[in-house]
Structures are given as structure tokens and as C-alpha cells.
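Worksheet: the structure to be examined is printed underneath.
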Amino acid sequence: MSYQVLSRKWRPRKFEDVIGQEHITTSLMNALKRGRTGHAYLFTGTRGVGKTSVARIFAKSIRCENLGDDGQACEACASCENFADTQSLDVIEIDGASNNSVDNIRELINNVQFLPSTGKYRVYIIDEVHMLSSSAFNALLKTLEEPPEHVIFIFATTEPEKILDTVLSRCQRFDFRSPSLEKLNALIEMIAEKEGITFENKNIVEKISFFGNGSVRDSLSILDQLLTFSENNNIDENTLFLGLGLAKQTSLYELAEHILSGDVRSMSEVYRGLQTENVSSEKIYHGLIDTFYELINSLMGGKTAYTASLDSYGPQELMWIYETLSKDLEWASKTYDLGKTLEIILQKICVRREELGQKVQKKKD
């Protein structure tokens, strides 16, 4: 059997498997238990947070012939088994990006009149529904307002602001949140244990969750990517930075130390050395911004592995550096050579005290 990526292999099959969306799964389970399901739902949220997965679980539960008292599908009836085998003719998934014309929607409308082959309902899941054209939305309106009793629509989108208000008003809306880093960490650790994956330290798991940026799918895709660089399913610091093309944290700490002390030459040597290791200038810069955030946070009682003393630098100075790094990035991205421009910005920050001192002296004169 061919390899199945982790995000698909560990896709939630039950409401309880979904992480970070308890406010939504509880509401949907309550609606199922009470027999109060609507005819149109809108699931919104950033990518990879479980919108389509919850839509599928909800669709399976709606059609379950022996729904549990807790609102969970039984997993044993003919409808559940057909769904698990992807053989169900009564749960239709449509990609809004590639079926966005009015003709596509008219075809859908013509088909909704047919009764389900089994069970009470046919469920239509339209992913990225915001990609439908205005004429396609308008063609769908009448059916949304007065759908056949056997039809339920579930829409999923990352951009709800692009959907017509007349469509929004006909849907029950559920806003998905990005799961916390703690929940992503716990999920990665659970999957790693089941898959026989080991980590050199817990910091690697936290880095995977961080770079997943609140997306379960992206976090598991990063884990998959790192496994291709690993030996015997063991992921160490070197694998992490090599696999993601990142600057090692020790190098970022070294950069930060030279910037704080004003050592322009040493800073540039470390910066250029990272470039020769095929770390992009932008990733070096982003890593440095995150590092200064960590240093600022450490002055407020947060954790850091930075070992050099910060006694000579107050939070105001570190905040000024962080602000300058963040502001100048937008300007640098518009220049003809991003790498050189970012190095000049770092050199400017290195000599900040000298520059500020000259300005003060001029005012006194």
C-alpha cells in the first residue's frame, strides 16, 4: 500500500477527534440529539483547522441510521459504512473553486430534487464556497431559501466576507478558531507515539506547531517533511533546521548578541555564513525578529535559552530594535536585492547607539 500522508491518515473521524473546536462540535452534537438540524450551514476559518473534516463528520451523523444518544454516528449502519468506504451517493462534495459557474450551480439545483438512495437526507458540501461567482450565488438563493426537505447544505470557506449577505442570512454560521499551540503539541506527540516518531527534545515539537501557524494540516505536513530528512524516524535539531531551511537558534542568538553589542563585522560574518548554508535572507530575518521577541519576553519573566547578559539593555531598547526590524522589512521587500538590504538594516541597528549619541550631541551644540 502506498504511503498516506499524516494529515490524511489522522484526519478526524468523530467529533471527539477534532481539536480546538469544542464550541462547534458541542453545538452540532446538541442539534443532532434534539433533532434540530438546519438546512444550510456555513463553516468559516483559516486553512487546516477542521472545517471540511467537521462537515464530513456532521454529514455522516445526519445520515446515520442509529444515531447515538450523544449525537455521534454509530459507525456500524449501512450509511456509516458506505461513508467510510467513500461509496455514499448521498454525500456530495463539491470544490467551489473549480465548479464556480452558474451552469455548475444550475446542474446542482436540478439534482437536489432527487430523493436520497438511502436514509432521509442528501448532504451537499461545497468547499471554498466564496469562489462561486455572483450569478452562481444568485442562482442558488431560491434553493437555499426553500430547499427540499431531504437536502442539507454545508458550506466551507476561508473568506466569508466574499459571500453575499443574502446567502449568509440563510445559513447557520460557525466560526472555527486556530487551535492553541498546547493542543497542537499534544496532537503531534500523540501521533508521533503511534507512528514510532521520536524527537531530540520537546522544543522541536513546539517549533513544528509554531511554524504550522495554527493549522493542524500544515503542522502535520511539516512533520511529514521533516521525516524525509530524518534517520530512523528520529527528528533532531539539525533535521528541523535542515528540513525547513531555517537558521539554527544558536546562530540567531549569536546574531542578536553581535547586534546588541554593536559588532558590525562579526554580525555580517554570521549573517553571510547562514546564507552560504542555504538559509534564505528572509528566514534569517524572520528568525531574528522572533528571537528579539523572545528576549523582550524574557525580561518580563518569560523563558529563553539565550545565555549572554541583557543587563546593559533595557526593554525599551529591545522594543526599539524589534520595531525597527518589523517596520524596515516592508521597505526591504520592495528593493532590488533583499539579502543586501536586510544586512544593511542589521548594520544600522548595530550602530544605533553611536547614531543616537551623535544626534543628542548636535542638539546640545
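Quick notes on this structure:
- Amide proton proximity set for I235, modelled H, under 5 Å, gap of 5+: T198, F199, E200
- Sequence-distant residues sharing a close amide H with E93 (under 5 Å, placed H): I125
- Convex hull projection area averaged over all views, the stretch 189-327, Cα basis, nm²: 9.2 nm²
- Dimensions of the stretch 246-365 based on its C-alpha atoms, expressed as ranges along the principal axes with the largest first, amount to 47, 38, 24 Å.
- Ranked by how many other Cβ atoms sit within 10 Å of their own Cβ, fewest first, the residues T158, T143 fall in the order T158, T143.
- As a length-normalised measure over Cα pairs under 8 Å and 6 or more apart, the relative contact order of the chain settles at 15 percent.
- Within the stretch 137-191, the GluC sites (Glu not before Pro) that combine a DSSP coil assignment with at most 13 other C-beta atoms in a 10 angstrom radius are E149.
- When S221, S98, S251 are arranged by Cβ crowding within 10 Å, least crowded first, meaning fewest neighbours, the order is S98, S221, S251.
- With both labels modelled 7 Å from their Cα along Cα-to-Cβ, the E161 to Y313 distance reads 3.6 nm.
- From largest to smallest, the equivalent ellipsoid semi-axes obtained for the stretch 181-244 from the alpha-carbon gyration tensor read 16, 13, 10 Å.
- Helix runs (DSSP H) in the chain reaching 15 Å along axis by Cα, Kyte-Doolittle at least 0.0: 51-63, 134-145, 181-195, 202-212, 216-229, 249-261, 281-299, 338-350
- Low-density loop cleavage sites - chymotrypsin sites (Phe, Trp or Tyr not before Pro) in the stretch 1-110, where at most 11 other Cβ are within 10 Å (DSSP): Y3
- If R0 equals 22 Å, the separation of the Cβ atoms of S180 and S27 corresponds to a calculated FRET efficiency of about 0.65.
- Between Y336 and D103, the contour length at 0.36 nm per residue exceeds the alpha carbon distance by 79.4 nm.
- Note on the chain: helix-only mean residue ellipticity at 222 nm, from DSSP H runs of 4+ residues weighted -39500 (n - 2.57) and normalised by residue number, equals -17000 deg cm²/dmol.
- Equivalent ellipsoid dimensions for the stretch 58-141 as semi-axes, Å, which come from the Cα gyration tensor, largest first: 28, 13, 11
- Using Cβ point charges alone (K and R +1, D and E -1), the dipole size of the chain about the Cα centre works out to roughly 740 debye.
- Given charges at beta-carbon only (K, R positive; D, E negative), |dipole| of the stretch 6-175 in Debye: 160 debye
No lab work stands behind these numbers, since they all come straight from the coordinates. No experiment lies behind these values; they were computed from the predicted model shown. Cβ: placed from backbone, ideal geometry, glycine included. Neighbour counts: every protein chain shown.
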